[in-house]
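The values are calculated or read from the model by the stated rules, or taken from the named source; none is laboratory data. Predicted model only: the values in this text are computed from it and were never measured. Here the Cβ is made from the backbone with ideal geometry for all residues, glycine too, and neighbour counts use every protein chain on show.
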């Protein structure tokens with residue numbers, strides 16, 4: 001009998017791509033749970049919503065009764081639901097981020113204490129590390145989150161670990177580095193650059209643009225999470241696993257590449273004030289997940305960026321609709337990255 005995998009925040013960027021990957025590459029049944037707030041876009045799953053192995057539950061991971069009902073019917077949980085808008089966390093403070101990212105995770109963890117599952121995979125974030133103290137950052141790097149968003153992800157990360165240590169639950173903590181690819185919310189830096197350039201608007205770069213990140217194409221992330229589901233649980237339970245490429249690229253270089261791919265002039269580049277709490281450099285060690293799960297990223301940044309630019313160029317109604325909606329109502333709620 002095929003495993004049933006619950007993906008929370010399933011209509012968001014990373015989880016919707018992961019769900020599409022599971023339906024295409026595995027025999028698993030998939031349950032998508034999403035509150036459908038600002039980052040949870042039903043159109044992200046429109047092409048697979050009628051799939052016979054996908055079921056959708058409209059709900060919030062903070063709803064304890066609902067969570068317990070759903071968890072009782074699945075074998076594996078991938079908790080990808082999160083408030084993930086860094087600038088919103090800076091501007092508005094951490095309240096929404098604490099309730100979804102920390103309390104929502106706690107509700108899920110308590111649900112698997114009541115109804116055990118084969119494994120619980122928490123999608124944490126490389127943002128918990130803060131600025132790199134050494135390169136590359138391995139899983140033992142200190143946690144020094146530099147935004148309220150990152151602080152709440154670190155809280156959920158360590159809370160999940162404590163449930164493994166205290167209750168011997170089958171917890172795996174995954175720290176993806178900066179994902180990019182099709183269907184990412186236009187607030188994020190790469191789709192923001194692309195959609196600004198497509199509209200011939202200024203491509204706005206925080207500070208000098210020298211902040212660099214380890215950029216992970218979202219399909220590679222999906223393959224990594226599948227590899228973690230497939231790995232023997234005794235190898236990965238209680239472990240923290242980076243999902244990264246081991247290479248970093250600056251924000252300024254990305255802006256230049258986007259403009260080049262779209263044939264736009266360099267004069268569109270505009271530097272704006274640095275973001276408070278900016279992380280200067282992120283680059284992830286890839287050795288541990290390779291050893292435990294046999295996974296390494298396959299997509300070069302040049303290839304992944306070209307695919308991403310092409311997708312936004314060819315799917316203008318998708319992102320224009322999100323931008324128009326954002327302009328007409330306040331951003332609130334809890335969904336996935």
| remark: Within the range 76-88, restricting to residues that are modelled with pLDDT of 60 or more and in contact with a strand residue (DSSP E or B) (Cβ under 8 Å, 6 or more places away or on another chain), the one that is surrounded by the fewest Cβ atoms within 10 Å (Cβ to Cβ) is 76
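Would you confirm whether or not the range 11-20 contains a residue that is assigned to a loop (DSSP other than H, G, I, E, B), touching a helix residue (DSSP H, G or I) at 6+ places or on another chain (Cβ under 9 Å), in contact (Cβ under 8 Å) with a residue 60 or more places away in the chain and within 19 Å of residue 125 (Cα to Cα)? Before the answer, list the steps.
Within the range 11-20, the subset assigned to a loop (DSSP other than H, G, I, E, B) is 11-12.
Still in the list and also touching a helix residue (DSSP H, G or I) at 6+ places or on another chain (Cβ under 9 Å): 11-12.
When the remaining residues are screened for being in contact (Cβ under 8 Å) with a residue 60 or more places away in the chain, the result is 11-12.
Applying the additional criterion that residues be within 19 Å of residue 125 (Cα to Cα) yields 11-12.
For the range 11-20, residues assigned to a loop (DSSP other than H, G, I, E, B), touching a helix residue (DSSP H, G or I) at 6+ places or on another chain (Cβ under 9 Å), in contact (Cβ under 8 Å) with a residue 60 or more places away in the chain and within 19 Å of residue 125 (Cα to Cα): present.
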| remark: Checked the range 59-75 for anything outside any helix (DSSP H, G or I), modelled with pLDDT of 95 or more and closer than 15 Å to residue 15 by Cβ; matches are 74
| field | The one condition in (1) over 17 Å from residue 118 (Cβ atoms); (2) within 20 Å of the chain's Cα centre (by Cα) that residue 6 fails to fulfil | value | (1)
| remark: Scanning the range 30-41 for residues that are under 21 Å from residue 219 (Cβ atoms) and not in a loop (DSSP other than H, G, I, E, B) gives 30, 32, 34
| request: Kindly indicate whether any position in the range 153-161 is more than 23 Å from residue 296 (Cβ to Cβ), more than 21 Å from the chain's Cα centre (by Cα) and either modelled with pLDDT under 95 or surrounded by fewer than 24 Cβ atoms within 10 Å (Cβ to Cβ) (or both). | output: no
| field | Checking residue 69 against (1) out of contact with any helix residue (DSSP H, G or I) (no Cβ under 8 Å at 6 or more places or on another chain); (2) under 16 Å from residue 105 (Cβ atoms), the condition it does not meet | value | (2)
| query | Restricting the search to the range 107-162, which residues are under 22 Å from residue 235 (Cβ atoms), without any contact (Cβ under 8 Å) to a residue 40 or more places away in the chain and assigned to a loop (DSSP other than H, G, I, E, B)? | reply | 140, 141
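Taking residue 308, is it within 19 Å of the chain's Cα centre (by Cα), buried (at least 18 other Cβ atoms within 10 Å of the Cβ), farther than 14 Å from residue 174 by Cα and at pLDDT 95 or above? Show your work before the answer.
Details: within 19 Å of the chain's Cα centre (by Cα): yes; buried (at least 18 other Cβ atoms within 10 Å of the Cβ): yes; farther than 14 Å from residue 174 by Cα: yes; at pLDDT 95 or above: yes.
Criteria met by residue 308.
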| Answer residue from the range 40-54, given it is touching a residue at least 12 places away in the same chain (Cβ under 8 Å) and over 21 Å from the mean Cα position of the chain (by Cα) and is surrounded by the fewest Cβ atoms within 10 Å (Cβ to Cβ) among those | 51
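Quick one: count up the residues across the range 163-191 that are in a loop (DSSP other than H, G, I, E, B) and touching a helix residue (DSSP H, G or I) at 6+ places or on another chain (Cβ under 9 Å). Walk me through it before giving the result.
The first filter runs over the range 163-191 and keeps only residues in a loop (DSSP other than H, G, I, E, B), leaving 168-170, 177, 181-188.
Right, trim to touching a helix residue (DSSP H, G or I) at 6+ places or on another chain (Cβ under 9 Å) and you get 169-170, 177, 181-188.
Number of matching residues: 11.
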| query | Residues in the range 114-137 that are touching a helix residue (DSSP H, G or I) at 6+ places or on another chain (Cβ under 9 Å) and surrounded by fewer than 16 Cβ atoms within 10 Å (Cβ to Cβ): how many? | reply | 3
| note | residue 100 fails exactly one of (1) in contact with a helix residue (DSSP H, G or I) (Cβ under 7 Å, 6 or more places away or on another chain); (2) buried (at least 23 other Cβ atoms within 10 Å of the Cβ); (3) modelled with pLDDT under 95, namely (1)
| query | Quick one: how many residues across the range 14-39 are surrounded by 20 or more Cβ atoms within 10 Å (Cβ to Cβ) and farther than 21 Å from residue 2 by Cα? | reply | 6
